[in-house]
1. Mind checking which residues of the range 115-128 are part of a loop (DSSP other than H, G, I, E, B) and within 9 Å of the ligand (Cβ to nearest atom)?
2. Restricting to the range 95-144, what's the tally of residues that are on the phi > 0 side of the Ramachandran plot and buried (at least 16 other Cβ atoms within 10 Å of the Cβ)?
3. When both residues are 6+ apart or on different chains and their Cβ atoms are under 8 Å apart, which pairs have a first residue that lies in the range 116-141 and is touching a residue at least 12 places away in the same chain (Cβ under 8 Å), and a second that is part of a helix (DSSP H, G or I) and near the ligand (Cβ under 10 Å from one of its atoms)?
4. Show the residue pairs that are 6+ apart or on different chains and have beta-carbon atoms under 8 Å apart, the first residue being within the range 102-114 and closer than 22 Å to residue 127 by Cα and near the ligand (Cβ under 9 Å from one of its atoms), the second being modelled with pLDDT under 90 and part of a loop (DSSP other than H, G, I, E, B).
5. Restricting the range 137-154 to residues that are touching a helix residue (DSSP H, G or I) at 6+ places or on another chain (Cβ under 8 Å) and part of a loop (DSSP other than H, G, I, E, B), which is farthest from the ligand (Cβ to nearest atom)?
6. Please count how many residues of the range 57-80 are crowded, with 23+ Cβ neighbours inside 10 Å and over 15 Å from the mean Cα position of the chain (by Cα).
7. Checking residue 78 against (1) out of contact with any helix residue (DSSP H, G or I) (no Cβ under 8 Å at 6 or more places or on another chain); (2) modelled with pLDDT of 80 or more, only one condition comes out false. Which one?
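The values are calculated or read from the model by the stated rules, or taken from the named source; none is laboratory data. Since this is a predicted model, take the numbers as computed values, not measurements. Neighbour counts are summed over all protein chains in view; Cβ atoms, including those assigned to glycine, are modelled from backbone coordinates with ideal geometry.
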Ligand SMILES: [Zn+2]
């Protein structure tokens, strides 16, 4: 089991499994009224740390936030804690707490932070803000996309 601070890491395989089972539905952002997006520095550095720690594997987590004065403020990572056991490829799982979930973040071990076809499918099925970070996982290697895979701008606060 790997825990980074208060984070547990989510294996991409499980997420894909949950999504295929319809066990995860990300919060639908359309009901929020906002015209800009900001990411707290704390969340940004958590993302860069997690991406580096998980390298060369991908990590995936969900973004938590709320709207304040027409700005969608992403101020936490929602996460999945799991317990790995030696005799199981699928450790004990708990579904993530998705209250306040506004999107996702995952890493790309490699030189591209553009969404793959699988990412685009995932984004489309899960409306929200989706971040991708590429190597070498510096803050400016994070890119944000909407559910159609279009780049969107965000501020760091
Ligand atoms: Zn991806």
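1. The first filter runs over the range 115-128 and keeps only residues part of a loop (DSSP other than H, G, I, E, B), leaving 115-116, 126-128.
The answer is 115, 116.
2. Initially, the range 95-144 is screened for residues on the phi > 0 side of the Ramachandran plot, giving 100, 103, 110, 128, 137.
With the extra rule that they be buried (at least 16 other Cβ atoms within 10 Å of the Cβ), the set shrinks to 103, 128, 137.
Residues that pass the stated criteria total 3.
3. Correct list of pairs: 130/119; 130/122; 130/123; 132/119.
4. Close Cβ pairs (under 8 Å, with a partner that is modelled with pLDDT under 90 and part of a loop (DSSP other than H, G, I, E, B)) amount to 106/58; 106/59; 107/55; 107/58; 107/59; 108/58.
5. 138
6. 1
7. For residue 78, the failing item is (2).
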